[in-house]
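Colleague: I'd like to ask you about the structure that follows.
No lab work stands behind these numbers, since they all come straight from the coordinates. It should be emphasised that the depicted structure is a prediction, and the values quoted were computed from it without experimental measurement. Ideal geometry is used to build each Cβ from the backbone, glycine not excepted, and the neighbour counts take in all protein chains shown.
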């Protein structure tokens with residue numbers, strides 16, 4: 001009898017474990033907007049619609065969750081995805097979210113130095129006139145904004161690395177620091193770019209995505225390989241909803257904005273501002289993962305050069321599983 005009860009208990013335990021809701025990780029930013037739209041429009045597959053949504057303030061923090069065995073689905077930058085994969089996370093990128101999404105914004109005291117001279121000496125000229133180095137903020141190391149900023153500083157603008165002070169913060173902290181004057185510039189994402197430019201009229205976008213890192217891959221939709229093996233139809237339905245949400249972002253910002261507004265900026269941003277941020281990102285929303293593979297290889301090489309990726313180089317193309325996107329796009 002005890003053996004029978006034990007077997008029943010084990011079966012119930014396995015059933016409960018199998019029925020445990022999925023976990024979806026995300027950052028409350030425009031590059032994750034496809035999740036917000038699909039969730040609010042109820043186009044996600046039921047298994048994902050019933051998932052536990054877990055918010056993070058930076059990609060590297062989400063990576064730690066992935067490496068700890070948490071999260072089944074994630075909307076995160078391709079940089080953190082590369083780091084997680086290199087450290088052994090069993091993940092695949094199944095769709096792209098956005099490209100060239102990072103902007104470098106200089107506040108009113110720093111912006112004139114980019115407007116009136118060579119970008120390579122802007123920080124040095126600021127330091128000479130103000131008696132201190134400019135303070136620049138970025139997401140933590142490994143995040144896409146940090147990689148894009150470093151690529152621009154080293155390979156495009158060719159800035160002296162000793163001419164500024166770089167600090168690492170999450171998106172919310174960067175926005176607050178910019179608006180309180182605690183920092184002089186930052187590599188940031190939407191809706192922070194539009195928020196800062198609206199509230200600080202003297203702030204300027206010094207370099208946009210294509211200028212920072214041409215064809216820069218941005219946020220992506222990734223899933224656990226286990227989910228692909230065990231529930232491929234769920235993954236396909238998720239990608240289908242993702243493609244539809246991407247189309248809405250590109251073609252109808254008015255309709256998309258209220259869905260997105262609930263999740264970005266703690267839900268406190270005006271819908272009109274969120275709509276403007278979406279409009280400012282037009283042409284950058286893309287769901288096709290095939291289009292970002294070449295630039296991902298460039299990013300991987302650069303991250304290895306800067307020490308963000310450790311250990312032997314992995315084949316970044318194996319991080320992608322494009323079958324689901326290809327099937328949905330082909331109407332299969």
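Colleague: Sort 86-98, 129-141 by packing, meaning the average of other beta carbons within 10 Å per residue, with the highest value first. Write out the running numbers ahead of the final one.
Modeller: Numbers: 86-98: 22.9, 129-141: 17.8.
Put in order of decreasing packing, that is 86-98, 129-141.
Colleague: Hey, another quick one. Roughly how large, in nm² to one decimal, is the mean projection of the convex hull of the alpha-carbon atoms in region 180-279? Spell out each step's value before the answer.
Modeller: On the way: hull surface 34.5 nm².
Result: a mean projected hull area of 8.6 nm².
Colleague: Between residue 132 and residue 68, how high is the FRET efficiency from 1/(1 + (r/R0)^6) when r is the Cβ-Cβ distance and R₀ = 35 Å? Nearest 0.05.
Modeller: Working: r = 40 Å, r/R0 = 1.14.
Once the sixth-power term is evaluated, E becomes 0.30.
Colleague: Here's a follow-up. Rounded to the nearest Å, what's the spacing between the alpha carbon centres of region 210-226 and region 51-93? Just the number, please.
Modeller: Cα centroid of region 210-226 versus Cα centroid of region 51-93: 13 Å apart.
Colleague: Taking N as the number of residues in region 119-183, what is its Cα Rg relative to 2.2 N^0.38 Å? Display every interim value, and only then the final one.
Modeller: Details: Rg = 12.1 Å, N = 65, 2.2 N^0.38 = 10.7 Å.
The reported ratio for this selection is 1.12.
Colleague: How are the alpha carbon pair distances in region 228-332 distributed across 10 Å bins from zero to the largest one, expressed in percent?
Modeller: For region 228-332, the binned pair fractions read 13, 30, 30, 25, 2 percent.
Colleague: Provide the FRET efficiency to the nearest 0.05 for the residue 165-residue 53 pair, computing r from the beta carbons and using R0 = 30 Å. Before the final figure, lay out the partial values.
Modeller: Working: r = 35 Å, r/R0 = 1.18.
So, using R0 = 30 Å, E works out to roughly 0.25.
Colleague: Please give the FRET efficiency for residue 330 paired with residue 156, using the beta carbon to beta carbon distance and R0 = 45 Å, rounded to the nearest 0.05. The partial results should precede the final answer.
Modeller: Working: r = 37 Å, r/R0 = 0.83.
Working from the Cβ atoms, E equals 0.75.
Colleague: Viscosity 0.890 mPa s, temperature 25 °C: give me the Stokes-Einstein translational D for region 68-130 in µm²/s, with Rh taken as the Kirkwood radius over C-alpha pairs. Let's see the in-between values first.
Modeller: Working: Rh = 15.4 Å.
My calculation gives 160 µm²/s for D.
Colleague: Write down the Kirkwood hydrodynamic radius of region 49-171, to one decimal in angstroms, obtained as one divided by the mean of 1/r over all alpha carbon pairs. Could the numbers behind the result be given before it?
Modeller: Working: mean 1/r = 0.0610 Å⁻¹.
Over region 49-171, the inverse of the mean reciprocal pair distance is 16.4 Å.
Colleague: Taking N as the number of residues in region 284-332, what is its Cα Rg relative to 2.2 N^0.38 Å?
Modeller: Ratio of Rg to 2.2 N^0.38 Å for region 284-332: 1.40.
Colleague: Length gain on complete extension for the stretch residue 179 to residue 272, per 0.36 nm per residue less the alpha carbon to alpha carbon distance?
Modeller: On the way: separation 93, 0.36 × 93 = 33.48 nm, distance 1.97 nm.
Working it through step by step, the gained length comes to 31.5 nm.
Colleague: With N residues in the chain, what two-decimal value do you get for its Cα radius of gyration over 2.2 N^0.38 Å? Mind dumping the intermediate values first?
Modeller: Details: Rg = 21.1 Å, N = 332, 2.2 N^0.38 = 20.0 Å.
With N residues counted in the chain, Rg over 2.2 N^0.38 Å equals 1.05.
Colleague: If you wrap a convex hull around the alpha carbons of region 103-212, what volume per residue comes out, as a whole number of Å³?
Modeller: Details: hull volume 9.7 nm³, N = 110.
Here the figure is 89 Å³ per residue.
Colleague: Then there's this: For region 237-281, would you read off the P(r) tail past 15 Å as a percentage of all alpha carbon pairs?
Modeller: On the way: 412 of 990 pairs.
Beyond 15 Å sits 42 percent of the P(r) for region 237-281.
Colleague: Further, regarding this structure: Measuring from label point to label point, each 7 Å out along Cα→Cβ, what is the residue 323 to residue 255 span in nm?
Modeller: It is 3.2 nm.
Colleague: Next question. When DSSP assigns beta bridges and you keep just the ones with both residues in the chain, what percent turn out antiparallel, to the nearest 5?
Modeller: Details: 19 of 32 bridges.
DSSP beta bridges in the chain are roughly 60 percent antiparallel.
Colleague: Relative to a virtual label point 7 Å from the Cα of residue 298 in the Cα→beta-carbon direction, which members of region 191-231 show backbone nitrogen distances below 13 Å?
Modeller: So the set is 209-218.
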